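The values are calculated or read from the model by the stated rules, or taken from the named source; none is laboratory data. Just so it is clear, the model here is predicted, and its values are computed rather than measured. For neighbour counting, all protein chains shown are included, and Cβ atoms are generated from backbone atoms with ideal geometry for every residue, glycine included.
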């Protein structure tokens with residue numbers, strides 16, 4: 001039978017009750033709250049041939065590329081494939097898209113979700129999936145453009161309109177349109193204080209513009225809305241970055257221990273924030289105690305597939321800083337064996353990981369040899385400007401440690417020209433060190 005969801009999109013499903021539950025799951029996804037897969041299980045109890053429920057469940061188990069969840073994702077895709085006969089083209093495209101994502105063909109998955117949106121601009125599931133893939137692929141123009149293409153088909157009468165504003169804000173920030181980004185992000189949060197993604201987008205603007213005190217104040221003022229969301233660790237990570245750049249290292253470590261570390265979260269996204277925070281502190285010479293050694297074992301089960309350079313980069317850093325050199329060597333061997341250099345993300349990722357590994361093992365010349373040629377291509381491994389800045393910091397530190405003063409001065413000059421409004425602890429420290437040479 002055909003029923004419609006709350007945005008008037010047709011669904012092939014046996015019972016309207018399953019549609020209501022599906023709408024609940026989609027909202028849980030875009031709100032970053034609860035367990036969408038558990039919600040979808042309720043819909044599938046009503047109709048186990050509900051194709052889009054299987055697709056969304058597969059997508060949520062594929063996001064993050066955690067090996068422990070890929071078996072469940074594969075099962076959902078198989079079940080969607082088994083039920084696809086007699087469904088509509090939009091539903092069949094969703095199956096093809098999530099299958100491509102599962103197979104690490106992120107470009108194909110992105111194109112298919114965009115194809116869905118051309119004909120169905122109010123498909124929030126396709127929009128969120130595409131937005132997330134743009135993030136994984138480091139495609140900032142796509143992250144902005146995908147939402148811009150559909151925005152006129154939505155207004156405040158359409159359920160979930162403000163979620164688009166939050167996504168649009170992040171896309172705008174990543175292409176440097178900071179004023180419009182902040183306006184849209186603030187508007188999203190005004191519409192729903194629980195819009196953690198809108199909060200996050202505004203925090204990114206303040207990070208990029210060096211508005212450190214404002215960034216702390218913004219996160220504190222909006223905390224009631226995001227403190228219980230699945231975004232809470234990442235938003236705390238943003239406050240931690242502000243604290244680092246304010247030279248408030250004790251507060252940064254306190255945020256790490258009390259909020260970025262979450263005993264209930266050992267997924268990739270949570271661990272990336274932990275590595276990213278400590279690596280920045282380590283580059284500043286801040287003693288983080290045994291935190292690396294505590295974190296390293298959590299990465300081991302997540303490095304089986306070596307399928308995502310952004311994830312693998314953070315696992316590598318963790319292993320090297322923790323002194324787990326055997327694990328680091330094993331990871332790099334898997335990367336060299338499994339990465340398909342015909343895929344730009346993996347080709348760039350291989351160079352980035354090799355350069356970072358050289359840096360971690362004291363081979364600064366080798367680090368620069370691998371990192372400088374791909375310096376402007378690091379976006380291909382995914383993540384945001386704020387997250388990928390860690391790679392730029394490592395390249396600059398390699399130049400400093402290797403006494404490559406001309407390279408160091410050039411890289412520092414670029415940082416200062418792009419972000420001169422911000423003191424940024426690492427930039428300031430390097431500037432001071434170079435002046436003493």
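Points to keep in mind about this one:
- Every test in (1) surrounded by fewer than 19 Cβ atoms within 10 Å (Cβ to Cβ); (2) touching a helix residue (DSSP H, G or I) at 6+ places or on another chain (Cβ under 7 Å) is passed by residue 20 save one, and that test is (2).
- When 204, 162 are checked against the criterion of being outside the structural domain of residue 32 (by TED's automatic domain parsing), part of a helix (DSSP H, G or I), in contact with a helix residue (DSSP H, G or I) (Cβ under 7 Å, 6 or more places away or on another chain) and more than 20 Å from residue 29 (Cα to Cα), a single residue qualifies: 204.
- Just one residue in the set 403, 409 is surrounded by fewer than 19 Cβ atoms within 10 Å (Cβ to Cβ), assigned by TED's automatic domain parsing to the domain that holds residue 302 and outside any helix (DSSP H, G or I); that residue is 403.
- When residues in the range 110-150 are screened for being over 19 Å from residue 307 (Cβ atoms) and modelled with pLDDT under 95, 5 of them pass.
- Looking at 190, 250, 220, 239, just one residue is surrounded by fewer than 19 Cβ atoms within 10 Å (Cβ to Cβ) and farther than 26 Å from residue 161 by Cα, and that residue is 250.
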